[in-house]
Amino acid sequence: MKILVTGGAGFIGSNFIHYWLQHHASDRVVNFDKLTYAGNLENLKAVEKNPHYQFVRGDIGDPEGVAKAMSGVDVVVHFAAESHVDRSILGATPFVLTNVVGTQVVLDAALKAKVQRFHHVSTDEVFGQLPLGSGEAFNEETPYNPRNPYSASKAGSDHLVRAYHATHGLPVTISNTANNYGPYQFPEKLIPLAITNLMEGKPVPVYGDGKYVRDWLYVTDHCRAIDLMLSKGKVGETYCIGGLTQDVNNLTLVKKIIALLGKDESAITFVKDRPGHDRRYAIDWSKAKRELGYQPKHSFDEYLESTVHWYQENQDWWQRVKSGAYQQYYREQYGNR
Ligand code: NAD
Ligand code: TYD
């Protein structure tokens, strides 16, 4: 089987490529990625000489480049996106161009290539926010109510994917997943930012009162869930994928990281809140459990500890990301192509 992964040089996409080549060693994987600031080929050093892996630099907004990469592809797993809420507040244009228009370009190419499956990776943020302490959780029937430009652009992409199924019969599946964490996450997101700042002796910025709640999904569980959706998921269906069954707020999370690193809580610095900050996310992943046999393999505390260890053992990786040196790697590895 030939699988096209868009955005495979990013955090989840690169973990997915490692996962896929480990579990489906005879498949061929094409990684189509623009290499924005979030794309880092150093994440894929271990597979770059694997004859089953190919990297193609390109923009999902470019119909010609996407059509070329789609040649002979059986399955598309679409990760490519602008993914950081704070950046979308500073400027929404790249979010609409990549997440909405880019997704439409990939959908058109997939339709033309008659792929067997188009899997769209989306977020629980499309559902908006839940009240604190309510015990409610998002599920596949929750109405869309995005509240920031990132989540609005992802909601737009989800609607397009559903429309291509209903109108053109494209065989799609969609996952709306919780906040991911694990190896190779760009240190602008809360968990790697907190770990690396603490290791550098810097403060950890906590927005507002810190009583914001996210559902946390370990990235390898997410990759396994995508594998399950591709093999057992029903065409046209959406699956909500979460990692927790109990609320953990940002302040508690940061304190857990501080304890794991043996640092002092005086590193916590409360800073100005994010505008439109969603209060609480929680996912009811019972459909995925029932229909796909999905469930997280380990507890949050176990995964958080192994994530902290990964950043301790891979200081060179994140220091090169924080200094910007990782962007040299493409030129050294691939020249001016
Ligand atoms: P990321 O920002 O780490 O990586 C995004 C990748 O897409 C990068 O490699 C980037 O170079 C590439 N890209 C961006 N614009 C592109 C374009 N125009 N053409 C081709 N490639 C482009 O993101 P991530 O955290 O790995 O998220 C991957 C997907 O999962 C996104 O669709 C995101 O919305 C979704 N998601 C993420 C989370 C999370 O917690 N990180 C949670 C739920 C859903
Ligand atoms: P983030 O990792 O940006 O993911 P998202 O906004 O997609 O949920 O943020 C996770 C939570 O952490 C969110 O409630 C915002 C908060 N946060 C901070 O308190 N401080 C920070 O420096 C960052 C980046 C996020």
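The values are calculated or read from the model by the stated rules, or taken from the named source; none is laboratory data. Remember, it's a predicted structure, so these values are computed and weren't measured experimentally. Quick reminder, even Gly has a Cβ in these numbers, built from the backbone with ideal geometry, and neighbours come from all protein chains shown. Quick note on the areas: whole protein, heavy atoms, side chains included, nothing else; ligands and nucleic acids left out. Shrake-Rupley method; radii C 1.70, N 1.55, O 1.52, S 1.80 Å.
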For the structure I just gave you, tell me whether G133 is modelled with pLDDT under 95 and either part of a strand (DSSP E or B) or farther than 23 Å from L228 by Cβ (or both). yes
Set Y218, Y239: member being hydroxyl-bearing (S, T, Y), crowded, with 21+ Cβ neighbours inside 10 Å and farther than 21 Å from Q185 by Cα: Y239
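Rundown of residues vs (1) within 18 Å of the chain's Cα centre (by Cα); (2) away from ligand 1 (no atom under 11 Å from the Cβ); (3) at positive phi, yes/no style:
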position: R57; (1), (2), (3): no, no, no
position: V73; (1), (2), (3): no, yes, no
position: E82; (1), (2), (3): yes, no, no
position: F95; (1), (2), (3): yes, no, no
In this structure, is K202 away from ligand 2 (no atom under 15 Å from the Cβ) and either touching a helix residue (DSSP H, G or I) at 6+ places or on another chain (Cβ under 6 Å) or among the charged types (D, E, K, R) (or both)? no
Within the stretch 233-272, count every residue that is more than 16 Å from ligand 1 (Cβ to nearest atom), part of a loop (DSSP other than H, G, I, E, B) and within 23 Å of the chain's Cα centre (by Cα). 8
Starting from residues that are in contact with a strand residue (DSSP E or B) (Cβ under 7 Å, 6 or more places away or on another chain) and more than 26 Å from D284 (Cβ to Cβ), keep the ones in the stretch 108-147 and report whichever is most open to solvent (accessible area, probe 1.4 Å). Q116
List pairs: first residue in the stretch 67-85 and in a strand (DSSP E or B), second residue open to solvent by 30 Å² or more (accessible area, probe 1.4 Å) and polar (S, T, N, Q) anywhere in the structure, Cβ distance under 8 angstrom, at least six positions apart or on different chains. V75/Q116
Residue list for the stretch 155-184, filter: open to solvent by 20 Å² or more (accessible area, probe 1.4 Å), of a type in the set (F, W, Y) and within 16 Å of ligand 1 (Cβ to nearest atom): Y184
Return yes when K2 is basic (K, R), out of contact with any Leu (no Cβ under 7 Å at 6 or more places or on another chain) and more than 20 Å from L228 (Cα to Cα) and no when it is not. no
Kindly state which helices (runs of 4 or more DSSP H) lie completely within the stretch 281-337 and contain at least 2 residues that are in contact (Cβ under 8 Å) with a residue 40 or more places away in the chain and more than 22 Å from the chain's Cα centre (by Cα). 326-334
